[in-house]
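Working notes, beginning with the structure itself.
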Amino acid sequence: MADGAQPVGHRAGLVAAVLVAALILGCLLAVFLRAETGRGMAAADWAGVRFTVVQAALSALFSGVLAVPLARALARRRFAGRRLLIALLGAPFILPVIVAVLGMLAVFGRNGWVSLMLGWLGLPPLQIYGLHGVVLAHVFFNLPLATRLILQGWQEIPAERFRLAAQLGAGPRAMWQLLELPMLRRVLPGVLAVIFAICLTSFAVALTLGGGPGATTIELAIYQAFRFDFDLARAAMLSCIQIVLTGCAALIALRVSRNDGFGSGLDRPVQRWDAAGIAARVLDGGIIVMAALFLLMPLAAIGLAGAPGLHLLPGSVVVATLNSLLVALASTGVTLLLSMPMAITIALGRGRAVELAGLLGLAASPLVIGTGLFIVIYPLADPFDLALPVTALVNAVMALPFALRILVPRAQQVVTRYGPLALSLDMAGGPFLRRVLLPRMRAQIGFAAGLSAALSMGDLGVIALFADPERATLPLQVYRLMGAYQMQAAAGAALLLLVLSMALFWSFDRGGRWHAEA
Amino acid sequence: MLKLEQVEIDNGGFVLRADLAVPEGGKIAVIGASGAGKSTLIGAIAGFHPVVRGRLSWRGEILNDAPPGQRPVAMLFQDGNLFPHLSVAQNVGLGLNPDLRLNAAQSEKVREAIARVGLSEMETRRPAALSGGQQSRAALARVLVQGRPLLLLDEPFAALGPALKNEMLDLVQDLVRENGATLLMVSHDPMDARRIASQVILIEGGTAHPPQATGELLDNPPPALRAYLG
């Protein structure tokens with residue numbers, strides 16, 4: 001446009017991006033400077049690296065492999081509740097990890113439902129702690145994600161192709177080779193890479209279901225070096241390893257994954273002619289039922305176990321709940337204050353560097369940032385006093401990539417579609433922001449805020465690093481109750497956490513769409 | 001007088017040359033093959049494509065670097081002329097104050113303009129609740145309150161059926177006559193040009209030619225135009 005006229009300024013986004021980059025890179029720098037590389041890596045550190053990579057690889061593999069038949073069943077079947085089930089597949093993303101872990105314990109634990117049934121058959125109970133427990137929990141979280149991504153691949157096969165293949169008389173085998181296998185070859189590597197990257201930084205799952213010399217992730221080792229030995233140099237050295245691991249994984253994931261994420265329009269089943277056989281129908285039905293049970297049973301278990309304990313929650317839980325709500329709201333505010341200007345700058349096409357700053361959060365893990373912040377704050381103030389603000393800040397930075405992914409496409413759309421009209425009406429600046437951009441982006445802002453609030457509400461990461469015995473967020477309090485074997489109270493608090501996380505997400509998301517017009 | 005003196009317009013690598021003048025009160029159709037640069041010419045006058053050489057001026061005032069909103073121009077685009085989340089009255093009000101802080105006199109002006117285009121009962125409706133023709137009318141009401149001396153139309157009625165389109169063109173003609181505004185209108189239909197425009201700017205070969213009388217040009221088209229008209 002003449003003299004680069006734009007309906008809104010792009011400087012605020014640059015400032016936000018610089019702040020984010022300074023925070024993340026500053027923390028990484030602090031960690032590098034503090035690490036004692038001369039000491040080298042101990043055997044335990046190598047074991048940690050090995051376990052981290054192995055569990056992430058297994059989690060990605062199982063999630064991906066199991067998601068293929070589930071996605072296929074969902075792609076070619078219509079049944080009552082299909083939409084609901086697909087919507088539910090999005091839920092684990094905002095499900096607090098500690099809640100899911102408690103649910104898994106209730107179902108798959110030593111005294112869980114499955115062990116109980118095994119007992120009736122005279123079989124020994126399940127052992128959930130260790131590698132297989134960690135992988136099981138990761139599959140619980142990532143199978144739905146994988147299914148959504150693969151389902152999207154399925155639905156992007158044009159309906160005309162299926163029609164053509166059916167017209168040529170292709171049966172299930174031919175259909176698989178002709179259409180489905182090529183699609184999977186294209187989609188699956190990205191799915192595996194994304195899940196692998198996610199699981200590399202797993203902390204809360206490893207904290208609760210792993211631990212011990214044989215089942216410690218790097219992220220957990222950072223925490224242990226920090227909390228048990230207060231060995232900052234070692235924590236910093238482990239953080240460096242983690243940075244290299246996550247950095248590489250994030251690069252690979254970005255390279256092989258396609259730019260989708262929160263797929264929409266997944267509730268359209270494709271008309272198929274090849275899967276009408278009774279065997280295929282039974283197979284698909286069985287897979288869907290099994291998957292639904294696997295995903296719903298832990299949640300049902302939390303509901304059943306938690307409800308009786310709700311009215312006798314200890315006072316510490318009430319305080320922790322208030323802390324968590326404060327942290328979640330503050331973190332949401334920071335996420336929006338950073339992501340909105342950044343999204344606008346990216347939408348204006350001035351944002352290569354801004355986009356990069358937005359992705360930095362993916363390459364740095366929460367505990368690495370936490371360690372860095374601790375090193376920076378330690379000489380200046382008591383880090384433990386700042387536990388809650390630091391948690392809110394780190395949560396905000398971690399939610400940033402997701403918020404941007406939601407906000408940027410819409411911002412681009414609004415700027416492209418209404419920018420010229422607004423400019424011709426002399427609406428540039430404040431009026432465009434107030435009268436056009438914000439109203440047009442309300443639904444996306446609400447969704448991003450809901451996601452950010454729920455993620456922060458359920459986060460069990462940095463807070464574990466920074467909290468002293470007097471301070472806790474709700475997820476940390478649940479963990480402490482578990483550690484003290486107060487399982488009844490833990491289940492009650494977990495149920496409360498679950499309800500609050502979902503309620504936060506729902507009210508923001510709903511608020512964004514309230515009275516919104518096309 | 002709208003003057004383009006030795007002007008070169010850059011639209012993402014495509015360069016359009018123009019050396020022409022449009023008299024005040026003129027009704028000009030801009031025609032040419034698709035991709036010839038009709039929208040580029042209009043867009044440059046409105047301030048969306050940079051004039052990289054030459055002078056663009058209105059009544060002697062140079063516009064080369066003026067921001068789009070501060071030119072003496074009201075413009076209707078091919079689509080998206082209304083904000084879907086604002087009511088008809090708000091969409092029209094934007095023409096008076098882009099932040100919609102209207103005083104009583106301005107609100108009255110908005111009401112009058114809406115009445116003038118025949119949408120009196122629909123002030124509070126959102127665009128989605130209007131027909132295509134009504135949406136065009138609402139956009140024209142805003143043009144009316146803007147009161148700018150130059151009206152640029154980049155085929156805003158292209159999606160309407162022939163009868164409705166003619167109705168809109170007649171309305172445009174009335175409004176332009178009432179205000180004495182200068183009209184530049186992109187069209188790919190020579191019938192539109194005959195209906196409303198007294199002169200035609202033909203665009204071909206990367207050049208916008210000076211306006212010529214509509215009837216003469218269309219009756220005796222040069223080879224390039226003949227090829228386009230078929």
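So which residues in the range A:414-428 are of a type in the set (A, V, I, L, M, F, W, C) and at the interface with chain B (Cβ under 7 Å from one of its Cβ atoms), if there are any at all?
Here is the first cut: in the range A:414-428, the residues of a type in the set (A, V, I, L, M, F, W, C) are A:414-415, A:421-423, A:425, A:427-428.
Once the filter is applied, which keeps residues that are of a type in the set (A, V, I, L, M, F, W, C) and at the interface with chain B (Cβ under 7 Å from one of its Cβ atoms), the range A:414-428 yields A:Leu421, A:Leu423, A:Leu425, A:Met427, A:Ala428.
If the condition is being surrounded by 16 or more Cβ atoms within 10 Å (Cβ to Cβ) and at the interface with chain A (Cβ under 10 Å from one of its Cβ atoms), then the range B:100-127 contributes B:Leu100, B:Arg126, B:Pro127.
The range B:149-230 holds helices (runs of 4 or more DSSP H) entirely within its bounds, and those carrying 2 or more residues that are of a type in the set (Gly, Ala, Ser), under 30 Å from B:Gly13 (Cα atoms) and more than 16 Å from the chain's Cα centre (by Cα) map to B:223-229. Scanning the range B:52-67 for any residue that is in the same structural domain as B:Ala197 (by TED's automatic domain parsing), in contact with a helix residue (DSSP H, G or I) (Cβ under 6 Å, 6 or more places away or on another chain) and either modelled with pLDDT of 95 or more or not in a strand (DSSP E or B) (or both) turns up at least one such residue.
Condition check: surrounded by 13 or more Cβ atoms within 10 Å (Cβ to Cβ), of a type outside the set (Lys, Arg), within 14 Å of chain B (Cβ to nearest Cβ) and more than 20 Å from the chain's Cα centre (by Cα). Does A:Val31 satisfy that? Give the steps one after another, and end with the answer.
Details: surrounded by 13 or more Cβ atoms within 10 Å (Cβ to Cβ): yes; of a type outside the set (Lys, Arg): yes; within 14 Å of chain B (Cβ to nearest Cβ): no; more than 20 Å from the chain's Cα centre (by Cα): yes.
Considered against the rule, which asks whether it is surrounded by 13 or more Cβ atoms within 10 Å (Cβ to Cβ), of a type outside the set (Lys, Arg), within 14 Å of chain B (Cβ to nearest Cβ) and more than 20 Å from the chain's Cα centre (by Cα), A:Val31 comes out as no.
A:Ala236 falls short on exactly one of the conditions (1) among the hydrophobic types (A, V, I, L, M, F, W, C); (2) in a helix (DSSP H, G or I); (3) under 25 Å from A:Gly483 (Cβ atoms), and that condition is (3).
Within the range B:129-148, being outside any helix (DSSP H, G or I) and away from every other protein chain (no Cβ under 14 Å) holds for one residue alone: B:Ser131.
Identify all residues within the range B:29-38 that are surrounded by fewer than 22 Cβ atoms within 10 Å (Cβ to Cβ) and within 18 Å of B:Pro156 (Cβ to Cβ); write none if there are none. Please lay out each step first, then the result.
Step one: of the range B:29-38, the residues surrounded by fewer than 22 Cβ atoms within 10 Å (Cβ to Cβ) are B:33-35.
Passing the criteria: only B:Ser34.
Here's a check for you: in the range B:114-168, which residue that is free of Cβ contacts under 8 Å to residues at least 60 places away in the same chain and β-branched (Val, Ile, Thr) is nearest to B:Gly43 (Cα to Cα)? The qualifying residue nearest to B:Gly43 (Cα to Cα) is B:Val145.
Only one of the numbered conditions (1) aromatic (Phe, Trp, Tyr); (2) more than 14 Å from chain B (Cβ to nearest Cβ); (3) within 30 Å of B:Pro84 (Cα to Cα) is violated by A:Trp514, and that is (2). Taken as a whole, the structure places B:Asn179 among residues that are at pLDDT below 90 and under 28 Å from B:Leu86 (Cβ atoms). Across the range A:130-176, the number of residues qualifying as within 23 Å of the chain's Cα centre (by Cα), in contact (Cβ under 8 Å) with a residue 12 or more places away in the chain and surrounded by fewer than 18 Cβ atoms within 10 Å (Cβ to Cβ) comes to 2. In the range B:48-60, the qualifying residues are those that are within 17 Å of B:Leu150 (Cα to Cα) and of a type in the set (Gly, Ala, Ser), and the one that is nearest to the other protein chains (Cβ to nearest Cβ) is B:Ser57. For B:Ala74, are the conditions met, namely being within 14 Å of chain A (Cβ to nearest Cβ) and either crowded, with 23+ Cβ neighbours inside 10 Å or part of a loop (DSSP other than H, G, I, E, B) (or both)? Yes: the conditions hold for B:Ala74.
Quick check on this structure: which one of A:Leu404, A:Leu451, A:Leu400, A:Leu437 is crowded, with 21+ Cβ neighbours inside 10 Å, more than 14 Å from chain B (Cβ to nearest Cβ), in contact (Cβ under 8 Å) with a residue 24 or more places away in the chain and under 30 Å from B:Phe48 (Cβ atoms)?
Numbers: A:Leu451 fails: under 30 Å from B:Phe48 (Cβ atoms); A:Leu400 fails: under 30 Å from B:Phe48 (Cβ atoms); A:Leu437 fails: more than 14 Å from chain B (Cβ to nearest Cβ).
None of the others qualify; the one that does is A:Leu404.
A:Ala467 falls short on exactly one of the conditions (1) closer than 30 Å to B:Asn81 by Cα; (2) hydrophobic (A, V, I, L, M, F, W, C); (3) modelled with pLDDT under 90, and that condition is (1). Evaluate the range B:61-71: report whether one residue or more is surrounded by fewer than 17 Cβ atoms within 10 Å (Cβ to Cβ), within 13 Å of chain A (Cβ to nearest Cβ), polar (S, T, N, Q) and within 15 Å of the chain's Cα centre (by Cα). Taking every residue of the range B:61-71 in turn, none turns out to be surrounded by fewer than 17 Cβ atoms within 10 Å (Cβ to Cβ), within 13 Å of chain A (Cβ to nearest Cβ), polar (S, T, N, Q) and within 15 Å of the chain's Cα centre (by Cα). Given (1) closer than 30 Å to B:Val15 by Cβ; (2) in a loop (DSSP other than H, G, I, E, B); (3) more than 8 Å from every other protein chain (Cβ to nearest Cβ); (4) touching a Pro at 6+ places or on another chain (Cβ under 9 Å), where does B:Gly43 come up short, assuming only one miss? Only one criterion in (1) closer than 30 Å to B:Val15 by Cβ; (2) in a loop (DSSP other than H, G, I, E, B); (3) more than 8 Å from every other protein chain (Cβ to nearest Cβ); (4) touching a Pro at 6+ places or on another chain (Cβ under 9 Å) is unmet by B:Gly43, namely (2).
For every residue, the table says whether it meets (1) surrounded by fewer than 24 Cβ atoms within 10 Å (Cβ to Cβ); (2) at pLDDT below 90; (3) not aromatic (Phe, Trp, Tyr).
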{"position": "A:Ala330", "(1), (2), (3)": "yes, no, yes"}
{"position": "A:Ile344", "(1), (2), (3)": "no, no, yes"}
{"position": "A:Arg352", "(1), (2), (3)": "yes, yes, yes"}
{"position": "A:Gly358", "(1), (2), (3)": "no, yes, yes"}
{"position": "A:Gly361", "(1), (2), (3)": "no, yes, yes"}
{"position": "A:Ile369", "(1), (2), (3)": "no, no, yes"}
{"position": "A:Gly372", "(1), (2), (3)": "no, no, yes"}
{"position": "A:Ile377", "(1), (2), (3)": "yes, no, yes"}
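Contact annotation: residue pairs with Cβ atoms under 8 Å, 6 or more positions apart or on different chains, pairing a residue in the range A:225-246 that is surrounded by fewer than 23 Cβ atoms within 10 Å (Cβ to Cβ) with a partner that is among the aromatic types (Phe, Trp, Tyr) and part of a helix (DSSP H, G or I), are A:Leu232/A:Phe226; A:Leu232/A:Phe374; A:Cys240/A:Phe32. Here is the figure for the range A:177-196: residues that are within 16 Å of the chain's Cα centre (by Cα) and either crowded, with 24+ Cβ neighbours inside 10 Å or not small (Gly, Ala, Ser) (or both) total 5.
Sort out for me the helices (runs of 4 or more DSSP H) sitting completely within the range A:46-156 that have 3 or more residues that are at pLDDT below 95 and under 22 Å from A:Thr216 (Cβ atoms). First the steps, then the outcome.
Working: elements: A:82-88, A:97-108, A:113-120, A:131-155.
Result: A:97-108, A:131-155.
The values are calculated or read from the model by the stated rules, or taken from the named source; none is laboratory data. Keep in mind it's a predicted model, so treat the numbers as computed, not measured. Neighbour counts are summed over all protein chains in view; Cβ atoms, including those assigned to glycine, are modelled from backbone coordinates with ideal geometry.
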